[in-house]
Structure formats: C-alpha cells, structure tokens
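Asker: Provided herewith is a single structure, encoded as structure tokens, for subsequent inquiry.
Where a number appears in this text, it was derived from the coordinates with a stated rule and is not lab data. Here the structure is a predicted model, which is why all the values come from computation and not from measurement. Quick reminder, even Gly has a Cβ in these numbers, built from the backbone with ideal geometry, and neighbours come from all protein chains shown.
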Amino acid sequence: MCGLIGFLAAGPGTAQLPETIRRIEIARDEMRHRGPDDGGIWSDQDVVIGFRRLSLIDWEHSHQPLPYLQNRYHLIFNGEIYNYLELRERLTEEFGATFSTNGDGEAIVAGYHYLGEKIVELLRGMFSFLIWDSEERVMFGARDWFGIKPLYTYTDERGSFFASDKKALLSVAPDEVSQDVNTEALQHYLTLQYVPEPASMHSRITRIDSGSCFTVRPGEAVRTRRYFTPDFPIKPVPEPEKLYHEIAEVLRDSVAKHMRSDFTVGAFLSGGIDSTAIAALAKEHNPKLLTFTTGFEREGFSEIDVAAESAAAIGAEHITKVVTPQEMMDTLPLIIWYLDDPVADPALVPLYFIAREARKHVKVVLSGEGADELFGGYTIYREPISLRHLTAAPDPVRRLLGSLSKSLPEGMRGKDLLRRSSIGIEERYYGNARIFRSEELATSNLLKTYSPKVSYTDVTAPHYAVTGHLDDSTRMQYVDLFTWLRGDILVKADKMTMANSLELRVPFLDTEVFRAASTIPVEQKLTKETTKYALRRALAEIVPPHVLNRAKLGFPVPTRPWLRDVMYDWARDIITSAGTGHLIDTESALALLDAHRDGPHDYSRKIWTLLVFMIWHGIFVEGRIKPEIPQTVYPVAI
C-alpha cells in the first residue's frame, strides 16, 4: 500500500530536466501519508517515476522504483499481490525466472517480462502499477479487477502523468487545471453522491478504469484495454449444501492469503455479518487478533455494543473509538483533502477515525467491503421481487401509476413506490444513493450549471446494455460493481485508511471469491425475508449467531439530528462563506438547511452533499481552506 507518481515525456530528453525531476519529487511527497516508510525516484531521458512506500512485505528489500533484469525494467506498484508466492514459483519452474527480492512486486515485473500483458489476468490482489521497459521504450500500467487501488492520469504538452492521488497531479499541472471544475461531474455527484469513473471533479484529470491496463510510448496517446469484465454465469443449485461449502472454503482461502504480511494484521468490525466473518476467519491465523470499531454517543447510531459482543464471541481483543460532533466538524476539511474528490457518504468520517485509532496498533487491517455487491446484500436488490406484481402490469396501468404518483404530495407514504413501479429497472435503479433527482435539479435554482443533456443514465446505460439476459436484481449488482462500489465504497476505504498510513485489505473482493459468487442464482441470494441468503448459510458455522441474520447497518452517522441542532450554525457558515455561488445557488442551499431544521422532512443527505462539495471547492479550487496536514509518523512499526 503506497503512493506512485509517473511521468512519460512527449519529447526525448525532457524527462531529465532538473525542473521536471524537482516537480515529480514534490508530487511524490504530496502522498507521504500513503507511504511514510521510504521514498525513491528514478529517471531516464523519457521517464521520471517516484514512489512512497508503506513497507509490509519484504520490508528490508523490495525498495521502489524496483529494477529488474539488469535495469531493463523499472516498476512502481501500489497494493498487494496475495498469490505472489505461487506466481514466483510458476515463473521459476516454467521460465527459469530469477528474483533478487522476496516481495510481491517483483512477481509482477517478472511476469510481465515472461508473459506480457497477460500477467494482469493472473494477479490475485489489489493494485495499480507502472512498468517502464527501457529496451522497448514503452510504459505498461494496470489497475486491479474491481478498482480497489486508484490511478489518476493527466496529459498536457509535456507528456503523460499518472499518480495514486489526484493532489499529486494538481501539484505538477498548471494552476488553471485546478480552476476547471467539471460541471457534468458535479451534476452526477449531486445525484449519486460521488463522481462516477473515469471522470474526476477536475475536467482535465481522469482515472484509469478498474479492470483495465494500458500502454503508452513517448509522444503518443495512452492506449487502454479492459482485461476484466464481470460475468454472471448463473447456474442451478441441485445441492445447496455443496454451494454453501464452496463459498465458505473460497472465502477461507482468500482470508488466509490476505493475511500474508511481515507485520501484524488486524480487522475492522461493525455489527454486521461481513466484517464479522472476515474477523472470525482472520482469527484462525492470528490468535491475538485485534479488532476495531467506531460509533457515536447517540441511540441508534452505534454498533459498538454489537461489535464488542462479536469480538468476545470469536475471542478477539477489541478497541473502540467514539466520535463526537465537534470532532466531525473540526476534521471534515482534512478528510476531504485526503479524498481528492468529494464523496458525500457520511460513513467515511467514522472510517477515518477508526483507521486513525487502528494505526496506533497495526499497519494492516482486513475489512468486509464488497460482500453486498457480490452476494446480493443490499435491501434494494429485493425491490424487483417486491414490485413484481406491479411491474408485470400492462403498460397503460403502469403509466397510470406514474401519473398517480405525481399527483400525490411530496413525502406522502407510497408516492415513491408508485413512481418506481411505473418505470423500468434501467431508469429506476442507478445505485444505492439517490440524493437529488433529475427533476429536482431541473425545476429548482439550486444547480446553476444544470444541463438536461446530462443524466444518471449516461453512467448506467452501458452496463444495462450488456446485462439484458440477467434478472433485474443481478443487473443491479452489475451496475453497482461499476458505479457504487468503485465510486463510493472503495474510494472511502482507500482514502481514509491511507490518510492514516494504514493498509486496508478486502478479502471479499478476490477473483476466486467473485467466481464463486457470480454463479449463485437470485433465489439463493435474495428471499422475502433476507439478503445474502447463500452467504449467510455458508457462514452459519463461522460467525456468532447474534449477527448471522442481523440487518445491515454499517457505520451510521447522526447527521440528520445534528444538522438540526449542534451542526446547524457550522453548516450555515460553510454555505454563506463558500465561493461556489456561480455553481450552487446560496439562497437555495440555505433554504434547504432551514427547511431541514424546521421539519418535518429530512434533507440531511442533500445538505451534507452540498457541504462536502463546498468544502472541497474551498480547498482545491479557491485555495481558501487550508487543512493542517498531520505528520505521517506513527508509533507502530511491527
């Protein structure tokens, strides 16, 4: 888990100019939080590559940029390869490959030498990397299957830049790049609560797609290809117990490989089944496992008690962190600085604090991200089942339901049910977060740059287009793999843990776990009573009974009550002082805040989405807000 920065010059010789190298060094050190243990830089006439390292495997060696084959190749690599031992053995037996380190990075570059681009399809892990081939004068790069690790890119007349953090690219780009807000991305953000890939909130900086690799030569454009597209080859289940056993064993194997580290591995623990399963399986490999959770001193907004009960049941030592509203208000600008782009998921705040607490004790944690997307865990996935009697009605009846919905007052019970039953899945579902609907933005003055040509369907339509053969619930999973998972869940997981120089590993998002999950038919994922049915059955002997069928809660945040009282003045000050008046109408934002305070409707998610963007704009566009960045020095070294 580290931070990389790479530059490939458009013209020969320009990469070794002192000014170029100096700027890459500055950009590299913008990411010191991603790798406080070590830093390196290497260049030739076409390339400058820099690296910040958080050392976890082969910490005495494997320094990067990592040379291979008498300096023909140089690698910079962020992430972990969990099957690196098996890959090294295969490369040695089949090709006579030799290695000078004991690390996982060398398996990537050796694999590229002997197998070419095919190596990315064999990597079991999380990664973004760049390899420079000084003989062929070509750079090869890739990002992992699901988008666990980030990779941003920017190109101008000087050449192509790549980095783990966008702020690193902003430091090498001209000032006008930071001023160029992507208004299309802003419109999507207000609906989805995140910026959908491959865009960023800066128009000229984009992201390499998950499951993609690319090549680029000096003076040429980046050529990208997708090496992984999720497939759901759903199969009948004649022997359910055999399926449950397979799920349990593939997950056990994934956790075992994710425990590979020269340092102690801990686990995040909420009150749900996913993190509890990971922690229980991790305990099999680490009898002294430490688990961590966070919560708030407000009824209904804390999983601390349930998580503590789970930790006791599996025999783990448990550490908790309670977050106050003042801590949230004080720390939010710093959190958004680490994010690079606005993500309006309040859960990232407690995640930041528990990562900070965990880093006092360990350098690596496991977590349960990805289980819902792979095994059908979100309650919304059951909607096609619950609406089946309405969506099967003739088109005239459905149109009538839609008209009836429009005639009902806002907030009336049943209004949204009628609306959603009147439209197809392609229009109805665009992710777990639905902040401002398109019609809200179209009919209000809130978004001054609103365009009717921009729609959430621009993001989801390509994914629906290739999944017409699947049932609606599985299509929703597919959409989430490309949108919600990599736009929200994995962004906050990476950014909030890396902010604290802590490596987060996600055993559910493993290629072998996905292969098992992708074959499960919908009736084994979703029932009238529960979600993740097959996974729950598979984990029946692994997790404590009190969490086996517990409803999903995660890390809930009490923004709704706090924005009505303790956070009201703070929120009002953010809105009135923001330099976003040309994008967001200030009076409309204030009216929304007051309407939330006065009730009866809950507008907390909408307000939070606006606040996060306004703080982001104050940091990255105006330069008005300057969070104090803490020193990345931590007491734990083993």
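Asker: Subtract the Cα-Cα distance of residue 288 and residue 203 from 0.36 nm times their separation in residues, and report this length gain in nm to one decimal.
Answerer: Once the chain is fully extended between residue 288 and residue 203, it gains 25.9 nm.
Asker: Further, regarding this structure: Kindly put 95, 353 in sequence by how many other C-beta atoms sit within 10 Å of each C-beta, fewest to most.
Answerer: Fewest-to-most Cβ neighbours within 10 Å comes out as 95, 353.
Asker: Normalised by the residues of the stretch 379-478, what does the relative contact order come to in percent, with Cα pairs under 8 Å and at least six apart?
Answerer: 29
Asker: Would you mind checking the stretch 505-526 for residues with the amide N under 13 Å from a putative spin-label position 7 Å along Cα→C-beta of residue 231?
Answerer: Answer for this model: 515-516, 518-519.
Asker: With only Lys, Arg, Asp and Glu charged, each at its Cβ (+1 for the first two, -1 for the last two), find how big the charge dipole of the stretch 482-634 is about the Cα centre; round to the nearest 20 debye.
Answerer: Value, rounded to 20: 580 debye.
Asker: Just the number, please: Stokes-Einstein D of the stretch 559-620 in µm²/s, Kirkwood Rh from C-alpha pairs, 10 °C, 1.306 mPa s.
Answerer: After rounding, the answer is 138 µm²/s.
Asker: What's the extension gain from residue 100 to residue 588 if we count 0.36 nm per residue and subtract their Cα-Cα distance?
Answerer: Value of the extension gain: 169.5 nm.
Asker: Please identify every one of the GluC sites (Glu not before Pro) in the stretch 285-365 that sits in a loop by DSSP and has no more than 12 other beta carbons within 10 Å of its own beta carbon.
Answerer: Here the GluC sites (Glu not before Pro) that fit, given the DSSP loop and packing criteria, are 297, 299.
Asker: How do 165-171, 333-339, 384-390 rank on mean C-beta neighbours within 10 Å, highest first?
Answerer: Taking the mean over residues of other Cβ atoms within 10 Å, the ranking is 165-171, 333-339, 384-390.
Asker: Then there is this: Which value, in debye to the nearest 20, gives the size of the charge dipole of the stretch 379-478 about its Cα centre, when Lys and Arg are +1 and Asp and Glu are -1 at the Cβ?
Answerer: 240
Asker: Something else now. So how far apart, in nm, are the two label points at residue 564 and residue 297 if each is 7 Å from Cα heading toward Cβ?
Answerer: The two pseudo-label positions are separated by 2.1 nm.
Asker: Local charge sum around residue 72 (other residues, Cβ-Cβ under 10 Å, Lys/Arg +1, Asp/Glu -1)?
Answerer: Within the 10 Å Cβ shell, the charges total -3.
Asker: Rounded to the nearest 20 debye, what is the charge dipole size of the chain about its Cα centre when +1 sits on each Lys and Arg Cβ and -1 on each Asp and Glu Cβ?
Answerer: 1060
Asker: Let me ask something additional. Gain in length, residue 406 to residue 71, computed as 0.36 nm per residue apart minus the alpha-carbon separation, to one decimal in nm?
Answerer: 113.9 nm
Asker: Can you figure out the FRET efficiency of residue 330 with residue 622, using R₀ = 22 Å and their beta-carbon distance, to the nearest 0.05?
Answerer: 0.65
Asker: Let me ask something additional. Using Cβ contacts closer than 10 Å as the measure, can you line up 415, 363 from fewest to most?
Answerer: 415, 363
Asker: Ranking 483, 101, 379 by Cβ neighbours within 10 Å, fewest first, what do you get?
Answerer: Taking fewest neighbouring Cβ atoms as first place, the list is 379, 101, 483.
Asker: Which GluC sites (Glu not before Pro) in the stretch 20-91 pass both tests, a DSSP loop state and at most 14 other beta-carbon atoms within 10 Å?
Answerer: Passing both the DSSP loop test and the Cβ count: 60.
Asker: For residue 121, project a label point 7 Å along Cα to C-beta. Then give me every residue of the stretch 503-520 with its amide nitrogen under 18 Å of that point.
Answerer: 511-516, by backbone N distance to the label point.
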